[in-house]
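Read through the structure below, which is laid out as structure tokens, and then see the notes.
The values are calculated or read from the model by the stated rules, or taken from the named source; none is laboratory data. Worth saying up front: this structure is predicted, and the values here are computed from it rather than measured. Neighbour counts run over all protein chains shown; Cβ positions are idealised from the backbone, glycine included. We work out accessible area using only protein heavy atoms, side chains counted, and drop any ligands, DNA or RNA first. Shrake-Rupley method; radii C 1.70, N 1.55, O 1.52, S 1.80 Å.
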Amino acid sequence: MATALPPLRRATPLLLFLVVVAGALASPARADLVISRADRRVDLTSHIVRAVTSLKVENAGQDPVSQVLLAFPNIQAKNLAAIRAFRTEGKVKGPSTVLPVEVVQPSGAPPELMFFSALLPKPLEKGKTLHLEVLTVFTHSLQPFPEEITQAEAQLVVYQDSAHYLSPYPVKVQTLTIRLPGGRVESYTKHPKAKLVDSELRYGPFEDLPPFSYLPVIVHFENNNPFAVAKEVIREIEISHWGNVQITEHYNIAHGGARLKGEFSRIDYQSRPYVRGVSSFRHLIARLPPRAHSIYYRDEIGNISTSHLWSDSKKTQLEIEPRFPLFGGWQTTFTVGYGLPLQDFVFYSDGKRFLNITFGSPMEEILIEKLIVKVVLPEGSKDIEVSAPFPTKQWQEVKYSHLDIVGRPVVVLEKPDVIPEHNLYFQVYYKFNNISLLREPLMLITGFFLLFGACIVYMRTDMSISKSSPSYLAKLQWDEVQATVQKIQGIFEQCLAVHDKLEASLRDLSRTGDIQICKAARKAADAQFKELSKDLKPLLTSLQSSPQSYQIWPKVDDLITKEREMQEKLMTRHSTVVDCFEKKLRGQDVENRIVLQRQKIAALRQEVESLLEYISDI
């Protein structure tokens, strides 16, 4: 097994740690208390580091002690996301009592150390002992090394700590156990009392350690578990007293491990995903409340179908899979939403209603660098109070939704570095009058009543314009103009039909040579033209006298001129053709005499039809 340690630049924080401890050794020991035994268990199976320290504390002084100090170097404390202390009864772990923990700065303590104080419920008397268990959770404590890897490489990380328990008190016996994910271990700090067994690295036992004792250790190992880091999560909880609590969670998640170097091959990944993408992760698990319903999972493109849901009486488990696997440095955004029964999370006590729901994300093993929780209360809520199990930044907003008048009050809570241990219940207290529930139904009923009333009034009201008003008279005149124009159009269409009959008689003449039939057609056409001209004359007089015809009259006048010219040309052509047949001229001679007339008639016919179309559009 390799024993080489990572380069020195990777151990720079540890060197700083040594300087810190050297200064701490020069400070006076925190008197009276002695740690009879300290057993530390560090879990490195996830990217979130959890350490559980079991302490047996003895009061060797004369005076009672009401607090136990816990020390951390600043370089480690800056990544401390959560710390909890429990007092257990007896040698074997039994019932435990949660102890309040607060930040303190003892006199004479080096500034490079951060101290926490676990306050005891009653002072520890002389010669007495107590069993204390401390849970600490750290983020960003596993550093990828190397920082960039290819698609096929496994992810290696470095963890730095002290094999000795850093304490302001003397320690009689101490052990350290580091639990690893189970992959290969590149290297670790060798020591006579160090032993690697399967996936556990053990240091100790160490005996009779002075205050602030230290022994630096570095572990370089493989960890391909999902390094899911959410840059920001916005969690909106909207309460409806009609029976539902709607949860909407917006995620911006990145892979916080070693960045991908080189190109990504989708073919290699799909063929061997656990070899050609061992450092990536492609799904996340969310544990939702038991009676969650109407669950959806989508992103900016739309609904994502790559999700699986299991539910029973105790839990609802949602497995979501992004559209693409996440390698180091890659990120994605998506939204998860679901509904919850109101009676499971909103209760009534002492004249107030209160929401009792978990604070953090339901996603497993996710680090949220910035979590914003918005609790949208019903419109009309007042006397709002918040009770959270840890400090948060709080303020209020207003949100407007359907049928809102003054808007819905929104309680906003913000917290950085949120981990699964922060997924505790918090409460939002408010007063709400049940009569306010009737506001929106009454608004809808009133709105529909006014709509139907307006329809009834409209149907029974005479909205016609007065017959003596100028606008009404103008409308009547325009209607008369339209009717007259339609009649004129009909007459001109009949004229064009007569033209077509004359053209047909000439075609029959050229085919049969019957001059008498052609002359009879000419005589009938003359009679029809006279009759149509007689019908057209009063219509033109009426149209010209109307004040509403100023736009259309010029076109009608132009139409009359063109049609009469076309009629004259057609009659002339007809006479020419008949004369030629009477003189028994050849067909080519006839065609030479009428070719110009035919062209002129065709052009006039096109102009007449265009004018008729224009007038029809007006």
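Here are a few things to note about the model shown:
- Hits in region 212-240 - residues which are open to solvent by 30 Å² or more (accessible area, probe 1.4 Å) and of a type outside the set (Ser, Thr, Tyr): Leu215, Pro216, Glu222, Asn224, Asn225, Pro226, Lys231, Glu232, Ile234, Glu236, Glu238
- Reported count of residues in region 39-60, each being part of a strand (DSSP E or B) and hydrophobic (A, V, I, L, M, F, W, C), is 6.
- Filter pass, Ser313 being open to solvent by 10 Å² or more (accessible area, probe 1.4 Å), over 27 Å from Val376 (Cα atoms), assigned to a loop (DSSP other than H, G, I, E, B) and polar (S, T, N, Q): yes
- Being touching a Leu at 6+ places or on another chain (Cβ under 9 Å), free of Cβ contacts under 8 Å to residues at least 12 places away in the same chain and part of a loop (DSSP other than H, G, I, E, B) is a condition met by at least one residue of region 467-479.
- Arg605 touching a residue at least 60 places away in the same chain (Cβ under 8 Å), of a type in the set (Lys, Arg) and assigned to a helix (DSSP H, G or I): yes
- Residue list for region 513-542, restricted to those being open to solvent by 90 Å² or more (accessible area, probe 1.4 Å) and either in contact with a strand residue (DSSP E or B) (Cβ under 8 Å, 6 or more places away or on another chain) or free of Cβ contacts under 8 Å to residues at least 12 places away in the same chain (or both): Gln516, Lys523, Lys530, Glu531, Lys534, Lys537
- Residue within region 585-600 that is within 30 Å of Gln486 (Cβ to Cβ), free of Cβ contacts under 8 Å to residues at least 60 places away in the same chain and in a helix (DSSP H, G or I) present: yes
- Residues satisfying the stated conditions in region 350-361, i.e. over 29 Å from the mean Cα position of the chain (by Cα) and either of a type in the set (A, V, I, L, M) or open to solvent by less than 50 Å² (accessible area, probe 1.4 Å) (or both): Gly351, Lys352, Arg353
- Filtering region 362-419 to residues that are assigned to a loop (DSSP other than H, G, I, E, B), closer than 30 Å to Ile48 by Cβ and open to solvent by 10 Å² or more (accessible area, probe 1.4 Å) leaves Pro362, Glu364, Glu365, Ala388, Pro389, Phe390, Pro391, Thr392.
- Answer residue from region 61-91, given it is under 43 Å from the mean Cα position of the chain (by Cα) and outside any strand (DSSP E or B) and is surrounded by the fewest Cβ atoms within 10 Å (Cβ to Cβ) among those: Lys78
- If the condition is being open to solvent by 60 Å² or more (accessible area, probe 1.4 Å), within 19 Å of Ala483 (Cβ to Cβ) and more than 60 Å from the chain's Cα centre (by Cα), then region 543-570 contributes Gln544, Ser545, Pro547, Tyr550, Lys555, Asp557.
- Looking across Tyr269, Tyr274, Tyr296, one residue alone is aromatic (Phe, Trp, Tyr), at pLDDT below 85, open to solvent by 40 Å² or more (accessible area, probe 1.4 Å) and over 20 Å from Gly360 (Cβ atoms). It is Tyr274.
- Top-ranked residue in region 420-438 [being part of a strand (DSSP E or B) and within 17 Å of Thr358 (Cα to Cα); ranked as most open to solvent (accessible area, probe 1.4 Å)]: Tyr425
- For region 157-200, the strands (runs of 3 or more DSSP E) that sit wholly inside it and include 2 or more residues that are of a type in the set (D, E, K, R) and open to solvent by 40 Å² or more (accessible area, probe 1.4 Å) are 171-179.
- The set of residues in region 281-293 that are under 16 Å from Glu319 (Cβ atoms) and free of Cβ contacts under 8 Å to residues at least 60 places away in the same chain comprises Phe281, Arg282, His283, Ala292.
- Listed by position, the strands (runs of 3 or more DSSP E) contained in region 95-148 that have at least 3 residues being surrounded by fewer than 16 Cβ atoms within 10 Å (Cβ to Cβ) are 96-99, 101-104, 113-124.
- Matching residues, region 89-136, being at pLDDT below 85 and under 15 Å from Glu58 (Cα atoms): Glu89, Gly90, Lys91
- Residue match in region 439-446 (condition: modelled with pLDDT of 90 or more, open to solvent by less than 50 Å² (accessible area, probe 1.4 Å) and either of a type in the set (S, T, N, Q) or over 23 Å from the mean Cα position of the chain (by Cα) (or both)): no
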